[in-house]
Amino acid sequence: MAVTGAVLVLFLVAHMLGNLKIFLGADSFNHYAEWLRTMGSPALPNRTLLTITEIVLTLAVVLHMWSAVSLARRAAKARPVKYAARRRSQASGYATHTMRYGGVIILLFVIWHLLDMTFGVVNPEGGDATPYARMVAGFQPSRWWVTLFYLVAMVMVGFHLRHGLWSAFQTLGLARRYRALKAGAGAVAAVLVVGFLAAPVAVMIGVVK
Ligand code: HEM
């Protein structure tokens, strides 16, 4: 869980920073999107490193879900009889209880998101438009429900990350520094949520057009 989670967190940090390039204008953002496709050129053919990244990401998502299911099965096998009393476990809080459904919502979001921003199938500008045009068209005020869906998904990503990071710290045996690490996990999650939501909100209120 922790290794695949770490790969996904690194991707999220890079993706969030890349998205913020929208504030530098259309040319800068499109140039960055172009660079994603030409990374490693001319030594490597276009899309080589991007395709490797996509394969690693897909494997990370599949293995992350597989680990979640096998860990849940192992936990159920170790304790087939439910506890009589619902004691608050050490890992309490809202995020803990939303990992499973939060994960499913994030997966559904990623499917919609790829159809929207990568393939353009559900985007008003379609797949042939530039990435900047797709972003601006996708978050227009008339499509407020899309922005709302992104907002809900990003909050889910934030909760998922906060709990996931904290759990990874525990796996690594760092839980003794409880307060600092818990606050650290919360801070990383909050920065990512705000960073991700900046672009859709800026388009929605007309700051980016
Ligand atoms: C408000 C938040 C987000 C915005 C505005 C956004 C925007 C974008 C855009 C514009 C692209 C297309 C880039 C291109 O074609 O060059 C993209 C691709 C992608 N995004 Fe996001 N994204 C957001 C959040 C997320 C999150 C939270 C995830 C994962 C949980 C994610 C996963 C992906 C993936 C897997 C791709 C495809 C990368 C590829 O082409 O291989 N995105 N995103």
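Details
- Taken about its Cα centre, the chain carries a charge dipole of roughly 1580 debye when the Cβ of each Lys and Arg holds +1 and the Cβ of each Asp and Glu holds -1.
- GNM on the chain, alpha-carbon springs under 10 angstrom: the most fluctuating residue among 191, 81, 122 is 81.
- Helix 26-38 axis, angle to the chain major axis (alpha carbon atoms, nearest 10°): 70 degrees
- Computed [θ] at 222 nm, helices only, for the chain once each DSSP H run of length n ≥ 4 contributes -39500 (n - 2.57): -23500 deg cm²/dmol
- Chain lengthening between residue 14 and residue 43 when straightened (0.36 nm per residue, less Cα-Cα): 8.1 nm
- Radius of gyration over Kirkwood radius for the chain, both on Cα atoms: the Rg/Rh ratio is 1.01.
- Over all directions, the projected convex hull of the C-alpha atoms in segment 94-209 averages 8.0 nm² in area.
- Rg(Cα)/(2.2 N^0.38 Å) for segment 1-88, N = residue count: 1.67
- Gain upon complete extension [residue 71, residue 205; 0.36 nm per residue less C-alpha separation]: 43.9 nm
- Those aspartates and glutamates that a straight Cα-Cα span of less than 19 Å connects to residue 209, excepting residues fewer than 8 apart in one chain: 27, 116, 125, 128
- Most mobile listed residue (75, 183, 168) in the chain, GNM with C-alpha springs under 10 Å: 75
- Extension gain (nm, one decimal) between residue 6 and residue 145, 0.36 nm per residue minus Cα-Cα: 47.0 nm
- The distance linking segment 1-77 with segment 162-209 is 17 Å (Cα centroid to Cα centroid, whole angstrom).
- Estimated inter-spin distance, residue 52 and residue 111, nm [label 7 Å along Cα→Cβ]: 3.1 nm
- Residue with peak Gaussian network fluctuation, the chain [Cα springs, cutoff 10 Å], from 177, 100, 143: 177
- Computed on segment 1-151, with alpha-carbon pairs under 8 angstrom and 6+ residues apart, the relative contact order is 18 percent.
- Segment 117-209 - charge dipole about Cα centre, Lys and Arg +1 at Cβ, Asp and Glu -1, debye rounded to 20: 560 debye
The numbers here are math on the coordinates, done by the rules we state, and not lab data. Since the model is a prediction, treat every value here as computed from it, not as a measurement. Every residue, glycine among them, receives a Cβ derived from its backbone with ideal geometry; neighbour counts consider all protein chains shown.
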